[in-house]
Amino acid sequence: MNRNDSQQDQNLIHQGRAAETLTTRQGHPVHDNQNSRTVGNRGPMTLENYQFIEKISHFDRERIPERVVHARGAGAHGVFEATGQVGDEPVSKYTRAKLFQEAGKQTPVFVRFSTVGHGTHSPETLRDPRGFAVKFYTEDGNWDLVGNNLKIFFIRDAIKFPDLIHSQKPSPTTNIQSQERIFDFFSGTPEAMHMITLLYSPWGIPATYRHMQGSGVNTYKWYNQAGEGVLVKYHWEPKQGVRNLTQAEADKVQSTNFNHASEDLHAAIERGDYPQWDLYVQIMEDGAHPELDFDPLDDTKIWPREQFPWRHVGTMTLNRNPENVFAETEQVAFGTGVLVDGLDFSDDKMLQGRTFSYSDTQRYRVGPNYLQLPINRPKCQVATNQRDGQMAYHVDTFPGQDARVNYEPSILSGPKEAPREHNPHTPYVEGQLVREGIDRPNNFGQAGMQYRNFADWECDELISNLSGALAGCDERIQKKMLEYFYACDEDYGKRVEEGIKQLQGKAEVQPQEYGREASSLY
């Protein structure tokens, strides 16, 4: 095809459509890039979400072999010990998950802490959410509780996740991370205000992995022997206390050590100072809860503790370092869909999008047989009819199985369906298939409450960090972000606006000279 033919094709393509129209890779115009197709505006999502699946599956394959997100991490082995209670009630009232049922019952775990947006060898002092992923090796198979340290997230629909991360990554033209690109995305994403308020405060730089909270972030479900379900949120609280760094403190640490968090975790375990976290849950009856000013499935919101108290269910202790970081910490693979009997999904759209994305990206990054690796393999019996594929080195058969049979049903041999011992959890779902945002976005309320709840030094740090980040941004981005800050809290907006004005003109990039003139080599 010559240049003229190519130009003619382009002219045909653009007939009746603006050149800047957003499309799928198939050339289909995208009319709504903010909302997945769901049953009602609260979810659940449906499998034929072609636009979402095309977008997220391509995003999952953007890096080889480093994780697209959570690339920089540290891990450790340990044990989770249950109380047998949820607060002061028997845990069996709410869930039949076996790992929680008996006081003193211990379940092996592997935990991976991480930064989110930066590469494998990036400093651990960078402002970023921290991943907090726990793999429980239960008698019923693995359970992965995958979340972060800040309890909420930037967005509430997974279709926006590739765009969020693209804005956080280095520019494709300069390979440099840009606050203007970051806030350009945020200026069109008001739901991110709660997370922004936390991220640009000292909570955006935990002092160490041992001194940070963890959370499941999304809303999950528990269900009991009768199949009755409730909504649940998970929270990890460090027994070591919570510590965060100011930007100046982080800069000081980074000047001498960009591995400080990994080093701190490894050294503590090595000397027998085993870090511990208590696991708490919040419980809510399943439903829309119109009495609340937010949707309980919205992952940009925190459930108020005074209405939904934290209830203790157990304690995790990390007591053994990896023998090989690559084989364990780097090849460990988590997924939000990895649940055991008694635990379930809610209709949270972000959770359902993550559930496709996490396992899909592991198959791409580690391979289709990633669950055969020792760090990922369940510690209970495994018998499947899945065979072959890249790097297969084991066959999931049971002792005495006829190796010819790799299908089900079979009279001759092979694994049989497990008998159902309890009533299944069967939530009712109905609604129109739509692309709509939720009815109660309340994008600014909790962000304002968080600002007013900060200590003075945390507010000062927040204003300084935001002002510095925005001072060099396009005026249109500044204007929109200030509109959001004022919507959160009048004082919040006023202080950021004043901070930007004070820095205006100083934030321009000036030519830099580095180092001193060297003497000649002899």
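The values are calculated or read from the model by the stated rules, or taken from the named source; none is laboratory data. Since the structure is predicted, the reported quantities are computational estimates derived from the model, not experimental observations. Positions of Cβ are backbone-derived with ideal geometry, glycine not excepted, and every protein chain shown enters the neighbour counts. When the accessible area is computed, the model is the full protein with side chains, heavy atoms only, and any ligands, DNA or RNA have been set aside. Shrake-Rupley method; radii C 1.70, N 1.55, O 1.52, S 1.80 Å.
Descriptive notes on the structure:
- Residue pairs whose Cβ atoms lie under 7 Å apart, separated by 6 or more positions or on different chains, with the first residue in the stretch 417-446 and among the small types (G, A, S) and the second part of a loop (DSSP other than H, G, I, E, B), are G431/G40; G437/Q34; G437/N35; G437/N41; G445/D293.
- A82 being surrounded by fewer than 18 Cβ atoms within 10 Å (Cβ to Cβ), of a type in the set (A, V, I, L, M, F, W, C) and more than 24 Å from the chain's Cα centre (by Cα): no
- Criterion: open to solvent by less than 50 Å² (accessible area, probe 1.4 Å), within 21 Å of D293 (Cβ to Cβ), assigned to a loop (DSSP other than H, G, I, E, B) and among the small types (G, A, S) - qualifying residue of G448, G493, G437: G437
- The set of residues in the stretch 244-280 that are assigned to a loop (DSSP other than H, G, I, E, B), open to solvent by 50 Å² or more (accessible area, probe 1.4 Å) and either under 13 Å from T125 (Cβ atoms) or small (G, A, S) (or both) comprises S255, T256, F258, N259.
- Taking the stretch 299-322 as the range and being within 21 Å of Q106 (Cβ to Cβ) and open to solvent by 30 Å² or more (accessible area, probe 1.4 Å) as the test, the residues that pass are R311, H312, N319, R320.
- The set of residues in the stretch 48-78 being assigned to a strand (DSSP E or B) and in contact with a Pro (Cβ under 6 Å, 6 or more places away or on another chain) consists of G75 alone.
- Candidates G117, G84, G75 - the one that is at positive phi and of a type outside the set (V, I, T): G84
- When the stretch 454-465 is limited to residues that are in a helix (DSSP H, G or I) and closer than 13 Å to D491 by Cβ, the one that is most open to solvent (accessible area, probe 1.4 Å) turns out to be D456.
- Cβ-Cβ distances below 7 Å connect the following pairs, each with a first residue in the stretch 303-326 that is more than 29 Å from A267 (Cβ to Cβ) and in contact (Cβ under 8 Å) with a residue 60 or more places away in the chain, a second residue that is open to solvent by 30 Å² or more (accessible area, probe 1.4 Å) and outside any strand (DSSP E or B), and a separation of six or more residues or different chains: R311/G87; V313/T83.
- Residues in the stretch 124-152 that are part of a loop (DSSP other than H, G, I, E, B) and in contact with a strand residue (DSSP E or B) (Cβ under 9 Å, 6 or more places away or on another chain): E124, L126, D128, P129, E139, N149, L150, K151, I152.
- So P290, is it in contact with a strand residue (DSSP E or B) (Cβ under 7 Å, 6 or more places away or on another chain), in a loop (DSSP other than H, G, I, E, B) and at pLDDT 95 or above: no
- Within the stretch 337-369, the residues that satisfy the criterion of being part of a helix (DSSP H, G or I), hydroxyl-bearing (S, T, Y) and buried (at least 21 other Cβ atoms within 10 Å of the Cβ) are T355, S357, T361.
- On the stretch given as the stretch 183-236, residues that are more than 19 Å from the chain's Cα centre (by Cα), of a type in the set (S, T, N, Q) and under 20 Å from N35 (Cβ atoms) total 1.
- You will find that of V405, V434, the residue that is closer than 25 Å to L297 by Cβ and either touching a Leu at 6+ places or on another chain (Cβ under 9 Å) or among the β-branched types (V, I, T) (or both) is V434 and no other.
- Among residues of the stretch 177-228, those that are over 20 Å from A447 (Cβ atoms), among the hydroxyl-bearing types (S, T, Y) and open to solvent by 10 Å² or more (accessible area, probe 1.4 Å), counted: 3
- Test result for P172, of a type outside the set (S, T, Y), assigned to a loop (DSSP other than H, G, I, E, B) and farther than 19 Å from F113 by Cα: yes
- Of all the residues in the stretch 290-302, those that are within 18 Å of the chain's Cα centre (by Cα) and within 13 Å of S346 (Cβ to Cβ) number 4.
- Restricted to the stretch 28-53, and to residues there that are open to solvent by less than 30 Å² (accessible area, probe 1.4 Å) and either among the aliphatic types (A, V, I, L, M) or at pLDDT below 80 (or both), the residue that is farthest from G287 (Cα to Cα) is V30.
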